[in-house]
1. Taking Asp120, is it out of contact with any Pro (no Cβ under 9 Å at 6 or more places or on another chain) and surrounded by 18 or more Cβ atoms within 10 Å (Cβ to Cβ)?
2. How about region 137-166: which of its residues are touching a residue at least 60 places away in the same chain (Cβ under 8 Å) and within 14 Å of Thr14 (Cα to Cα)?
3. For region 19-35, give me each residue that is free of Cβ contacts under 8 Å to residues at least 40 places away in the same chain and more than 21 Å from Asp46 (Cβ to Cβ).
4. Hey, among the residues in region 135-171 that are among the basic types (Lys, Arg) and assigned to a helix (DSSP H, G or I), which one's surrounded by the fewest Cβ atoms within 10 Å (Cβ to Cβ)?
5. State whether the residues of region 119-131 include one that is among the polar types (S, T, N, Q), part of a helix (DSSP H, G or I), at pLDDT 90 or above and closer than 22 Å to Thr7 by Cα.
6. Only residues that are exposed (fewer than 14 other Cβ atoms within 10 Å of the Cβ), touching a residue at least 24 places away in the same chain (Cβ under 8 Å) and under 23 Å from Gln61 (Cβ atoms): list them for region 83-109, please.
7. Name the pairs: first residue in region 46-63 and without any contact (Cβ under 8 Å) to a residue 40 or more places away in the chain, second residue part of a helix (DSSP H, G or I), Cβ to Cβ under 6 Å, at least 6 apart or on different chains?
Amino acid sequence: MHVASVTDAEIRMTLEVMVDVANGLIEEDLDLRRVLSEAGFSRAPDASAASMRRAEQRMAQLLPFLRELGELDVATAATRINGELTELPITPSIVDHDDVGPHIHWTPSTATFDDQFIADVLMSLTHELCDNGTIRFGRCGADDCERLFYDATRNRSKRFCNDPRCASRTHTADHRARQRAR
């Protein structure tokens with residue numbers, strides 16, 4: 001029997017969901033249950049309203065850190081993440097449910113959904129920080145956008161959030177500026 005460790009794909013998915021949630025908070029347009037359910041967080045559809053509210057509140061508390069994450073050095077980011085981790089009931093275990101196969105859960109089965117979700121986010125941040133530092137996190141390069149991004153590209157070239165209008169507007173403005181300069 002093979003036990004699945006946390007894969008790069010799972011870490012990437014969790015970090016992308018973290019960014020989606022953060023951007024929903026920034027835009028004040030977040031349906032957390034929908035975002036997490038669609039991303040495959042199996043407990044999200046049945047989580048209590050109170051647990052969903054706490055998850056949203058906890059992400060809102062992390063938002064200032066996430067906004068500056070791409071500009072922080074690893075030691076500063078690690079200190080913040082370590083502080084957050086001390087607040088969680090983390091007891092890793094190997095579980096096998098829902099035909100997924102054996103895999104790691106960071107929290108005990110008795111943990112509230114918000115603890116489970118925040119632990120997943122923080123442990124994914126921990127893996128990314130150890131593997132790549134903070135370089136893959138950033139703010140959208142469009143002048144009028146405050147959204148965040150996680151850059152999973154091979155060459156770390158992402159400059160804009162996932163809204164294609166941001167890149168398009170910026171590239172169009174740059175092109176027009178070059179045309180006027182001729």
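The values are calculated or read from the model by the stated rules, or taken from the named source; none is laboratory data. Treat the numbers as computed from the prediction; the structure is a model and nothing was measured. Here the Cβ is made from the backbone with ideal geometry for all residues, glycine too, and neighbour counts use every protein chain on show.
1. Numbers: out of contact with any Pro (no Cβ under 9 Å at 6 or more places or on another chain): yes; surrounded by 18 or more Cβ atoms within 10 Å (Cβ to Cβ): yes.
Considered against the rule, which asks whether it is out of contact with any Pro (no Cβ under 9 Å at 6 or more places or on another chain) and surrounded by 18 or more Cβ atoms within 10 Å (Cβ to Cβ), Asp120 comes out as yes.
2. Phe137, Phe149, Tyr150, Ala152
3. Leu25, Glu28, Asp29
4. Step one: filter region 135-171 for residues among the basic types (Lys, Arg), giving 136, 139, 147, 154, 156, 158-159, 165, 169.
In the following step, the residues that additionally are assigned to a helix (DSSP H, G or I) were identified as 165, 169.
Working: Arg165: 11, Arg169: 16.
Checked region 135-171; the qualifying residue surrounded by the fewest Cβ atoms within 10 Å (Cβ to Cβ) is Arg165.
5. First pass over region 119-131, keeping only residues among the polar types (S, T, N, Q): 124, 126.
Narrowing the set further to residues that are part of a helix (DSSP H, G or I) leaves 124, 126.
Keeping just the survivors that are at pLDDT 90 or above gives 124, 126.
Among the residues that remain, those that are also closer than 22 Å to Thr7 by Cα are: 124, 126.
Checking region 119-131: at least one residue is among the polar types (S, T, N, Q), part of a helix (DSSP H, G or I), at pLDDT 90 or above and closer than 22 Å to Thr7 by Cα.
6. The one that is exposed (fewer than 14 other Cβ atoms within 10 Å of the Cβ), touching a residue at least 24 places away in the same chain (Cβ under 8 Å) and under 23 Å from Gln61 (Cβ atoms): Pro89.
7. Glu56/Leu32; Ala60/Leu25
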